[in-house]
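Heads up, the thing below is written out as structure tokens.
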Amino acid sequence: MSLCAATVVSLKRRSSTQYGSITIERCLEAIKENQLLESKNNFSLEWCQTKYNLGIALGAGRGLDDPSGFRFMSEAAMGVKYLLYYELPGMSLVSQQLLKRLFWLIFSGLW
């Protein structure tokens, strides 16, 4: 759902009119209704990627000063830092590389 929200908001405005029923708000509603971000476990790479995608979607759709988008980006940064410090050695090589790339995406996005 988060990837769908990020994709829809990144489409050119003319193209996005074809997908009028798919919006950032509807994706957020579906995520909340199905409790997709509710996790009793520690942070995971997928959770961080979801938070990043939602932060990017809200930033592009509502503006960079949107508090919800900033919160999602901050949560993604917090999760990525936790995973880098505590979980990186036990992760697969592919997950390690994805985590490092996500870290640099967040870093550059916040600057």
**Request:** Those residues that are modelled with pLDDT under 85 and exposed (fewer than 14 other Cβ atoms within 10 Å of the Cβ), I need them from region 37-66; list them, please.
**Result:** E38, S39, K40, N41, N42, G63, L64, D65
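Is one or more of the residues making up region 72-89 modelled with pLDDT under 85 and surrounded by 15 or more Cβ atoms within 10 Å (Cβ to Cβ)?
No: zero hits.
Restricting the search to region 90-111, which residues are exposed (fewer than 15 other Cβ atoms within 10 Å of the Cβ) and of a type outside the set (A, V, I, L, M, F, W, C)?
Answer for region 90-111, where residues must be exposed (fewer than 15 other Cβ atoms within 10 Å of the Cβ) and of a type outside the set (A, V, I, L, M, F, W, C): G90, S92, Q97, K100, R101, S108.
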**Prompt:** Restricting to region 29-70, what's the tally of residues that are among the acidic types (D, E) and either in contact with a helix residue (DSSP H, G or I) (Cβ under 8 Å, 6 or more places away or on another chain) or touching a residue at least 12 places away in the same chain (Cβ under 8 Å) (or both)?
**Reply:** 1
**Asked** Would you pick out the residues in region 71-93 that are free of Cβ contacts under 8 Å to residues at least 24 places away in the same chain and under 11 Å from the mean Cα position of the chain (by Cα)?
**Response** R71, F72, S74
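The values are calculated or read from the model by the stated rules, or taken from the named source; none is laboratory data. Every value quoted in this text rests on a predicted model; they were computed, and no experiment measured them. Neighbour counts are summed over all protein chains in view; Cβ atoms, including those assigned to glycine, are modelled from backbone coordinates with ideal geometry.
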